[in-house]
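K.L.:
Handing you a structure now.
Read the figures in this text as sums done on the coordinates, not as results from a lab. Predicted model only: the values in this text are computed from it and were never measured. Positions of Cβ are backbone-derived with ideal geometry, glycine not excepted, and every protein chain shown enters the neighbour counts.
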Amino acid sequence: MLFKNETAMKRLLRIFIFLIIICGVVYTAYRYFLSGKSSFQSIYLVPSNAVIMVETDAVFDAWDKIIHSKSWKTVSHIEALAELDKEIRSLDSLISEKLFLFRLLDRRKVLMSVHEYVPGRFGYLYSINIGKISRLRNPEKLIGSLLGKDYPVTKRIYAGQTIYEMLDRSSGDMYIFSFLHDKLIFSTNYLLLEASVKETEKMTIGRNLHFIEISKRISGKGLFSIYIQYQYLPSYLQYIMGNTPENMQKIDEELTFSGASFSLDADGMISLEGYTGVNNEVYSIYTTVLEAGNGGMKSMEVIPAEIASMVKISISDPTVYFNNSLKQLNPQEYEKYMETMRKLEKKFRINTREHILSWIDDEIVLLQTKPSNLGSKNEFAAIIKSKGKKAAENNLGYIVKQIRKNAPVKFKTVVYEGFTINYLSFPGLIKLLFGRMLSKIERPYYTQIEEFVIFSNHPQTLKNIIDDYKKGNTLAGSPGFNDFSKQFSRRSSAFCYADIPVFYNNLQHFTGAEAWRKLEKNKRYINHFPRAGIEMENKDELLHLTIKALYSDTAGSFSRIRYDGDDFLQLFSVETSENEAIPLEEWYNPDVIIKDLDAKKAQMLYDEGTLKYEVELRNGMKHGSFREYFRNGKLKISGRFRNDIPDGTWKLYDENGTLLMERELKNGEEISE
């Protein structure tokens with residue numbers, strides 16, 4: 001994340017080499033000055049707009065452990081890092097040969113920071129505690145005499161401080177440095193160096209109470225520490241990614257600072273542990289998690305052993321948690337949601353607090369399952385732990401009963417292996433009842449295993465969860481997961497887990513063709529990290545973060561689940577009368593997500609913003625014209641609904657506009673000629 005591309009990383013290595021040369025030259029001539037410690041902290045020299053800061057007290061210890069670790073030897077084969085690895089090993093040889101460098105820099109604080117120096121452009125600033133060496137006179141003459149005419153050094157005065165500029169004639173790069181408060185400050189950008197000189201008058205970050213609270217907990221731990229100042233993170237993400245992800249666009253308002261220490265153990269476990277400050281004046285997912293309380297992970301008893309990823313959220317009080325999650329909405333979204341909920345409760349005589357929140361216990365899990373041949377890009381499930389099997393069963397039964405009584409929606413149940421799988425044809429219902437957290441569950445298929453209520457987009461996903469549960473193939477019974485999860489407290493506000501080989505394959509649906517091609521070339525290296533996890537818990541009103549990634553000498557393998565025989569979905573043909581059934585997957589009965597029961601029309605857009613379909617509505621049901629389009633804007637399907645049932649003439653076209661099929665329907669049934 002620190003570097004926009006490998007070219008920038010290689011340039012950073014060149015900078016590091018010249019930084020060592022400057023220090024080494026000065027040390028060679030003035031080694032007897034090397035003594036004493038400065039009480040002036042390096043952070044006081046960091047300009048206030050630092051977005052990322054990396055600090056270490058033993059730069060060569062960290063360097064040696066990382067580049068000689070098994071994990072680096074593996075990832076260095078990745079195409080984007082292979083050439084960089086050559087330069088790193090070249091520099092490593094230089095360091096190994098010049099042992100005096102260890103005497104100069106080892107056990108001395110080195111701090112690197114990233115800053116935006118003009119809109120949309122970022123640069124690096126370095127600070128090294130070098131003690132009394134900083135007090136020598138005329139260093140430009142010494143450097144010039146030792147390095148020769150290819151590296152001319154000039155000097156100037158800025159704000160009462162001498163600034164030195166060294167030109168590398170071969171590359172045209174300018175290296176700018178100064179000696180200040182027993183520190184060498186260094187950059188390739190004069191604006192950053194001058195900002196550092198002026199910062200001694202303000203010491204903004206070093207006096208920031210949010211930063212102080214976090215830094216005192218992690219400083220000096222691990223191989224190095226990394227800090228993030230969120231006020232400037234969105235613009236940096238825009239710089240390195242070309243855009244700011246939607247879920248991080250307000251992160252500068254929601255968080256203050258993060259600080260974490262990096263460690264790497266002999267077994268290859270990569271760890272980041274630290275703290276994040278949360279802005280309690282702005283309601284966000286982070287304040288919600290901070291207030292959620294720490295809970296266990298009993299849900300692992302029903303989660304399949306092979307999944308792509310999961311996020312477990314702990315809940316101390318469902319009503320408080322639900323209300324806090326609503327505070328994340330903007331005023332317009334909040335009012336629209338509350339109005340829709342009032343209409344829903346009134347029409348179906350449902351009380352959210354009584355019939356939903358009353359039975360929810362202390363865990364909600366969002367699950368991305370192992371991909372299969374279902375043809376679905378997003379095979380998601382949501383697991384809610386209830387306070388008791390009967391409490392959940394009775395209240396969900398009441399909700400279904402009220403909806404069936406007051407709206408002509410389709411409902412079906414199928415008993416599989418002793419577990420009832422339910423389908424309620426009410427798209428958007430789960431999001432309405434449970435809010436944004438379960439918004440990915442568009443089709444309300446659900447079942448119950450003991451005290452856990454499980455929702456999914458597809459009944460086959462629920463069937464698979466039931467199969468794994470009965471066979472004991474769950475995370476709770478997985479030795480690999482249990483060994484890995486011991487790295488965490490297992491009682492936390494939130495816990496995220498990814499099975500990397502499986503998660504990696506799911507990424508194909510979230511990346512473009514070119515990005516996926518590059519990922520595929522490096523698959524065997526990425527899969528050497530089979531498990532990764534993030535734990536968040538409340539410690540003294542800070543989010544305590546623990547991030548772990550496990551390295552393995554053997555690359556993980558992946559095989560897609562295949563379902564033989566009839567598609568389980570066929571069992572969910574739903575009744576419109578006692579003797580009629582409509583197969584859900586017929587092209588002339590497409591799925592439509594209805595988010596507003598009072599809307600006159602429903603639309604769905606493709607990711608790029610073009611229209612996918614539109615349909616007329618009446619009383620929350622499809623009623624009137626329906627049109628679906630290809631991404632190129634050509635008509636794909638046309639037809640009409642009558643009281644939620646396809647009726648009349650339906651036509652199917654190819655992308656060139658050629659008519660492929662035409663069906664005459666009456667009450668959802670084809671009319672034979």
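K.L.:
Note down the relative contact order for the range 586-670 as a percent, whole number, built from C-alpha pairs under 8 angstrom at least six residues apart. Don't skip to the answer; put the middle values down first.
P.N.:
Details: 186 pairs, mean separation 15.9, N = 85.
Dividing the mean separation by the residue count of the range 586-670 yields 19 percent.
K.L.:
Let me ask something additional. When the chain is fully extended, how far beyond the present Cα-Cα distance does E655 get from M269, taking 0.36 nm per residue of separation?
P.N.:
Roughly 133.9 nm would be gained on extension.
K.L.:
Let me ask something else about it. Need one word for the range 586-670: rounded, prolate or oblate. Basis is the Cα gyration tensor (sqrt eigenvalues a ≥ b ≥ c); a/c below 1.5 gives rounded, then a/b vs b/c decides.
P.N.:
It comes out oblate by the Cα gyration axes.
K.L.:
Report the relative contact order of the range 285-324, percent, no decimals, based on alpha-carbon pairs under 8 angstrom and at least 6 residues apart.
P.N.:
57
K.L.:
Quick one: if the Förster radius is 60 Å, what FRET efficiency do T340 and V118 give, using the C-beta to C-beta distance and rounding to 0.05?
P.N.:
0.85
K.L.:
Which trypsin sites (Lys or Arg not before Pro) in the range 314-343 pass both tests, a DSSP loop state and at most 15 other beta-carbon atoms within 10 Å?
P.N.:
For trypsin sites (Lys or Arg not before Pro) across the range 314-343 that sit outside H, G, I, E and B with at most 15 neighbouring Cβ atoms in 10 Å, the list reads K327.
K.L.:
Here's another thing I want to ask about it. To the nearest 0.05, how large is the calculated FRET efficiency for D61 and R169 if R₀ is 45 Å and r is the Cβ-Cβ distance?
P.N.:
0.85
K.L.:
Could I ask something else about it? Given a Förster distance of 30 angstrom, what is the FRET efficiency for K390 paired with K486, based on the Cβ-Cβ distance and rounded to 0.05?
P.N.:
So the FRET efficiency works out to roughly 0.30.
K.L.:
Compute the separation of the alpha-carbon centres of the range 162-207 and the range 319-359 and state it in Å as a whole number.
P.N.:
What the calculation gives is 55 Å, centre to centre.
K.L.:
Length gain on complete extension for the stretch L209 to K298, per 0.36 nm per residue less the alpha carbon to alpha carbon distance?
P.N.:
Here the answer is 28.3 nm.
K.L.:
At 0.36 nm per residue, minus the direct Cα-Cα distance, what do T200 and T154 gain on full extension? Give it in nm, one decimal, please.
P.N.:
Length difference between fully extended and current span is 14.2 nm.
K.L.:
Right, something else. For M604 paired with V311, estimate the spin-label separation in nm (one decimal), with each label point 7 Å from Cα along the Cα-to-Cβ line.
P.N.:
Inter-label distance under the simple model: 2.2 nm.
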